[in-house]
Amino acid sequence: MEISRRDFLKYCGLTAAALGLSTSQLLLLEEVLANPDGPTVLWLQGSGCTGCSISFLNYIATAAPTSAADILINNINLAYHPNLMSLAGQGAAEVARQAYDAGGYILAVEGGVPTAFGGRACWAWSYNGEDITFQQAVTDLASRASTLLSIGSCAGFGGIPAAGPNPTQVQSVKAVTGKNTINIAGCPPHPDWIVYTIVQLLLGNSLPLDAYSRPTAIFGQTVHSTCPRRNREESCLAPRGCRGPGTFANCPTVQWNNKANWCVNANAPCYACTEPSFPGTASLYTVIYNPHGGTNLNCNSCHDDD
Amino acid sequence: MSTITTIDPVTRLEGHLKIQVTVDMVKGVQQVIDAKATGTLFRGFENILLNRHPFDAQHITQRICGVCPVSHGMAAVMALDAVCGVTAPTNARIMRNLVLGANLVDSHILHFYHLSAPDFLDGPNMPPWQPSWRVDKRFNTDQTNALVNNYVTALNMRRLAHEAGAIFGGRLPHPPTFIAGGFTTRPTSAGITKFKGLMGQVVDFIQNTFIPDAQTLAATYADYRQIGQGHRNLLAYGCFDLNSSGSSRLLQRGQVVDGSTAVQAVNLQSISENMTYSWYRTPLSVVPLDDMMLSIPVSQNPAVGVTNPVDPAAKTKAYSWLKAPRYNGLPYETGPLARMWVNGDYQAGISVMDRHLARAAEALKVAQAMLTWVDQINLSGRVSVSANIPTSTTIPSTNPNVPPVTTSFSAIGLTEAPRGALGHWLQVTDGKISRYQIVTPTCWNASPRDNRGRRGPMEEALIGTPVQDLQQPVEVVRVIHSFDPCLSCAVHVMRPEAGRKIFTLAHYHGGDEVHSHNHDHGHHGHEHHHHQNHGHSLE
């Protein structure tokens, strides 16, 4: 059966507004959408948890692209994604191989790259009977990619699998490939952050990055600086370990799950999941910042009590 | 002549899985005669947790799996509650259940439509449906169009389930709101109203779309009521506590052997993990035999588990990063079918399609229950109690050959992930995590062979599966997907060899139920003086 990309917009409920795009950008985006040969995206998963992909699937907006399905079907040619693609085995590996031969694809990597045991802590696939480590696959595919996206804190900085003794010597995609990456940080990243970055690439817009290669449009301000609880000493969570003052992300404005909630609004201190230092070795509740100069509070100050 | 076919990667599942099947003609049918499941990613979570503050456990362990993070958060706070000797208030119990339920419903919808359905669907000529294997596609055009449409609708429905969960959980995946002693969120009436609106849509979808689609699939592929049966041993820890003691649950704890309807109690001491075919150093136990001491390879109960990864190139007999958990020495399947079977809600059969049907039925049962639980929230009630990690004491030794003994505190958190039984075994010493053992559902389901050469449940389920085309072994993938494997969850390493203190716990609190009890210092939880070599079972 055949369904055109255009037909699919009906399924996805195309409406108007949001995403912060100007009218001219929207028109340009429409042209991009109308192109059935969207840029090829290879999305690989290494030492991670799939949380970034799941978060991406939560994407919802009132203007194109309106949903994760919209992106997948209308905006890009997602040739390889382990959770979504139909093919398995050699056929799946062949898809990546063909993209490699063509070159010029967007390589999105979710998860860090284990380098212990010669990379054998994580395999990507078997190709013609040869087991290819994830480290090898990322290195090879990065060499012919037009853009490298590190999706999430593991791919960008090592993240949780690199914490503590880093048992499998996980490294970031940049460290392993020696190539510059765009780091869409977060554990997981907000779906809007992933889509914003991909849309900017589709539009050919420049994407200013901070010192950690994160898009400044998303990671330009601290959580604390826009937090609705920042000016209220009695409700600021910093004395309870909140890392908002040192964490760069727009969580207070973008909020989570279609603005259903977000961490600090749920009385949970920000634990800096977008920072290169995440998760560190200190307890995630250790008090680091004290913007109001009050007394540091212990764990039980957050718990109800008799 | 038999042929070995490798599927690597097996896509549309969580994590990294390689399957190797041996296919041969048997009675005129080309079918699977042997199978090996290989977990191909290793991260070492228990090492990452070692020496961290125990209150970080629920955040770190959620990153084991972004598809079922809430189950790990739940298991961690259950273990922490027990170690701290506290009981979460009713509001916290309810909100934990609501977020766990939202995650389960999201995962079941995702599994059916996005991970499994493409095995049966010749979808539109675009990714993610194409390219695909083009064998044994039986749906007509109308059915295919409807399923493709529902694929997209289901993306939205699973998103709504996440949004409902985030009202209490703060965000999904990886909610930050689970804490020892309760929950951080203060519920509001507006939040409850919004939750009911979102979950109402999801219930409607499960009832009127998901379940009918699962039934259509089962009817169209009725031969898959016979395919993929496996060992037919089922294990469920149960979840969704309905009271503060945990004595009542929506989904019960129990186990059955060979598809029996007689449900038996679960004795946690009957769980052991074998590493004969896993890329870990096989633990040895020194036992006396006549006048000699023998080193004998052992399986380990998770409460005493020790794991040392080895380079796969150095242990060629092994073939997986997964260990092989066994109950009473037998391989057990876990998951929605096991839960619904143990609960008496679904006992129609054990097969590929029975797993799909039980999963859909469970999604409805849980989603409907969530709508009743949310009304039990007391807006003026508290959401947490104070929780403290008990203080260890060191008892000096008078014998220079015997090291001093430091008390530690252990507890177990047992719950259910969408794909099956999940257990966290926690030990705290000197205010830090001194051992953390995680046995996940896919550890059970996708486990490799054990010391007696018995296949894991998924491997066994593949035996006898007909394969039309060796180049397009879609039948094999259908069997695998029916288990909803989650490989990131499954692959784990325990603590390294004990460094400063060599001891393992002598026993842990009795069998089935996991409750705290008093000890000398006025705390609740499990205190252990340590002895070596208990809790092992000889191979």
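The values are calculated or read from the model by the stated rules, or taken from the named source; none is laboratory data. These numbers come from a predicted model, not from an experiment. So basically every Cβ, Gly included, is an ideal-geometry build from the backbone, and we count neighbours across all protein chains shown.
Residues in segment A:157-208 that are of a type in the set (A, V, I, L, M, F, W, C), within 14 Å of another protein chain (Cβ to nearest Cβ) and assigned to a loop (DSSP other than H, G, I, E, B): A:A163, A:A185, A:C187.
Going residue by residue through segment B:154-169, is there one that turns out to be of a type outside the set (G, A, S), modelled with pLDDT under 95 and under 13 Å from B:T209 (Cβ atoms)? Taking every residue of segment B:154-169 in turn, at least one turns out to be of a type outside the set (G, A, S), modelled with pLDDT under 95 and under 13 Å from B:T209 (Cβ atoms). The number of residues in segment B:343-394 being under 30 Å from B:D430 (Cβ atoms) and of a type in the set (F, W, Y) comes to 0. Residue-level check: of (1) facing chain A (nearest Cβ under 7 Å); (2) in contact (Cβ under 8 Å) with a residue 24 or more places away in the chain; (3) among the hydrophobic types (A, V, I, L, M, F, W, C); (4) in a loop (DSSP other than H, G, I, E, B), B:L121 misses just (1). Annotation for segment B:321-331: at least one member residue is modelled with pLDDT under 95 and within 14 Å of chain A (Cβ to nearest Cβ).
How many residues does segment B:327-353 contain that are of a type in the set (S, T, Y) and either under 17 Å from the mean Cα position of the chain (by Cα) or outside any loop (DSSP other than H, G, I, E, B) (or both)?
Our first condition is that a residue be of a type in the set (S, T, Y); within segment B:327-353, this holds for B:327, B:332, B:334, B:346, B:351.
Checking the rest, the ones that are also either under 17 Å from the mean Cα position of the chain (by Cα) or outside any loop (DSSP other than H, G, I, E, B) (or both) come to B:327, B:332, B:334.
Of the residues in that region, 3 qualify.
In this structure, is B:T87 surrounded by fewer than 24 Cβ atoms within 10 Å (Cβ to Cβ) and away from chain A (no Cβ under 11 Å)? So B:T87 fits the description; yes.
Looking only at segment A:252-287, residues that are surrounded by 23 or more Cβ atoms within 10 Å (Cβ to Cβ), more than 7 Å from chain B (Cβ to nearest Cβ) and among the small types (G, A, S) come to 1 in all. Restricting A:S86, A:S53 to residues that are at pLDDT 90 or above and under 25 Å from A:F278 (Cβ atoms) narrows the list to A:S53.
Confirm whether B:P390 is touching a His at 6+ places or on another chain (Cβ under 9 Å), surrounded by fewer than 24 Cβ atoms within 10 Å (Cβ to Cβ) and touching a residue at least 40 places away in the same chain (Cβ under 8 Å).
Working: touching a His at 6+ places or on another chain (Cβ under 9 Å): yes; surrounded by fewer than 24 Cβ atoms within 10 Å (Cβ to Cβ): yes; touching a residue at least 40 places away in the same chain (Cβ under 8 Å): yes.
When the stated conditions are applied, B:P390 passes them.
Considering only residues that are free of Cβ contacts under 8 Å to residues at least 60 places away in the same chain and under 15 Å from B:A214 (Cβ atoms), look in segment B:346-382 and name the one that is surrounded by the fewest Cβ atoms within 10 Å (Cβ to Cβ). Per the stated criteria, the residue is B:A348. The set of residues in segment B:177-202 being at the interface with chain A (Cβ under 7 Å from one of its Cβ atoms) and over 28 Å from the mean Cα position of the chain (by Cα) consists of B:R186 alone. Among the residues of segment B:215-239, just one is over 23 Å from the mean Cα position of the chain (by Cα) and closer than 19 Å to B:S107 by Cβ, namely B:L217.
For segment A:183-221, name all the residues that are of a type in the set (S, T, N, Q) and touching a helix residue (DSSP H, G or I) at 6+ places or on another chain (Cβ under 6 Å).
Just the residues of segment A:183-221 that are of a type in the set (S, T, N, Q), to begin with: A:183, A:197, A:200, A:205-206, A:213, A:216, A:221.
Within segment A:183-221, A:N183 is the sole residue that qualifies.
In summary, B:H174 fulfils each of the numbered conditions (1) under 23 Å from the mean Cα position of the chain (by Cα); (2) more than 11 Å from chain A (Cβ to nearest Cβ); (3) on the phi > 0 side of the Ramachandran plot with the single exception of condition (2). Being assigned to a helix (DSSP H, G or I) and more than 9 Å from chain A (Cβ to nearest Cβ) holds for only one residue in B:N103, B:N47, and it is B:N103.
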